[in-house]
Amino acid sequence: MKLSIVLSTQPAQFQAVAFKGDLPHNIARIASWGYDGVEVAVRDPRNLDVDGLLALTAQHGLAIPAIGTGQAWGEEGLSYTDPDEAVRQAAIARTVAHIPLAARTGAVIIIGLLRGIVRPGVAPEQAMAWLVSALQECCQAAAQQQVRIALEPINRYETTLINTVGQGMDLLARIGADNMGLLLDTFHMNIEEPRIEASIRACGDRIFHFHVADSNRWHPGAGHLDFCSILSALADTGYQGWVSGEFMPQPDGETSAQRGIAHLRSIA
């Protein structure tokens, strides 16, 4: 099992990230705890020293399995479903801007809250049409460099678009792109899925990335989720990708990262 943890490349409001800023220090610590990679959350790739980041990860033997895009929503309000066409186009352009780094590293581009919500006054059908069109455009651009994109079903309290695995699979059918898949997150699945293991198995080979956090959004082992059963179901699909920790830095970032990997390694 290849394990990574989310690392923000710059300050951000999103709380479920254990490490933000100070890349050299954090990358060195993550490697020392036994992680195999770092999933990087990047607000705007134009403000990222890509060569410097790659040098740091190479120095510590870490891969970059995925690129998170949610800060463009959280910090700037960009989304594919905004009523303003200029905002929608900016969200698409920001996604496309991640493709060069993804191509260099083999990373999956994650679409979380960048998909947006159904805004007041916008019909759900219109929002979904905008979402499908935007992802088709992004997938077409990504396919030219053999890059994959993964949309994350997110619980109903954070978005009104694509909350469940079933909705995610329906979206993939509408998009119709081989390089479009899903990112499954155990925290969100615990809220939305009747049985996490059954929903994982239903996805088959459409799982492109996998997030772990316990029922309380703390590190694995801090809540009531059965990660032995969950990871067994994931293995049943033939998944050979990454398992990435995205959880609250509780009681602090260092402790959560160490306890999380210890728990996952103990059941691997």
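Details
- In the chain, Cα pairs under 8 Å separated by at least six residues give a relative contact order of 19 percent.
- Put simply, the amide H of Gly116, placed in the peptide plane, has neighbours under 5 Å in Tyr80, leaving out anything fewer than 5 places away on its chain.
- Relative contact order computed over region 152-221 (Cα-Cα under 8 Å; 6+ residues apart), in percent: 32 percent
- In this rough spin-label picture, where each label sits 7 Å from Cα along the Cβ direction, the Arg104-Asp51 distance is 0.9 nm.
- Highest to lowest packing among 149-158, 179-188, scored as the average C-beta count within 10 Å: 179-188, 149-158
- Amide proton proximity set for Ala66, modelled H, under 5 Å, gap of 5+: Val40, Val108
- Here the 3J(HN,Hα) profile of region 133-150, calculated from phi with Karplus coefficients 6.51, -1.76 and 1.60 at θ = phi - 60°, is 4, 5, 5, 4, 5, 5, 5, 4, 5, 5, 4, 5, 10, 6, 9, 9, 10, 10 Hz, Gly and Pro shown as x.
- Structure-based [θ]222 nm, the chain - -39500 (n - 2.57) summed over DSSP H runs of at least 4, per residue, nearest 500: -13000 deg cm²/dmol
- Relative intensity, log₁₀ I(q)/I(0), of region 45-168 from a Debye sum that treats every alpha carbon as a point, q = 0.11, 0.15 Å⁻¹: -0.39, -0.69
- Site pair Ala93 and Gln136 shows an inter-label distance of 2.2 nm when each label is modelled 7 Å from Cα along Cα→Cβ.
- Table column - 3J(HN,Hα) (Hz), region 196-203, Karplus curve with 6.51, -1.76, 1.60, x for Gly and Pro: 4, 4, 5, 5, 4, 5, 5, 7
- Whole-number percent relative contact order across region 1-103, with pairs defined as alpha carbons under 8 Å at least 6 apart: 25 percent
- P(r) of region 94-221 over all Cα-Cα pairs, binned every 5 Å from zero, in whole percent: 2, 11, 20, 23, 20, 14, 8, 2, 0
- The slack in the chain from Val122 to Ser229, taken as 0.36 nm per residue of separation less the alpha-carbon distance, amounts to 34.5 nm.
Read-outs: derived from the displayed coordinates by stated rules, not from any lab. Just so it is clear, the model here is predicted, and its values are computed rather than measured. No Cβ is skipped: glycine too gets one built from the backbone with ideal geometry, and neighbour counts run over all protein chains shown.
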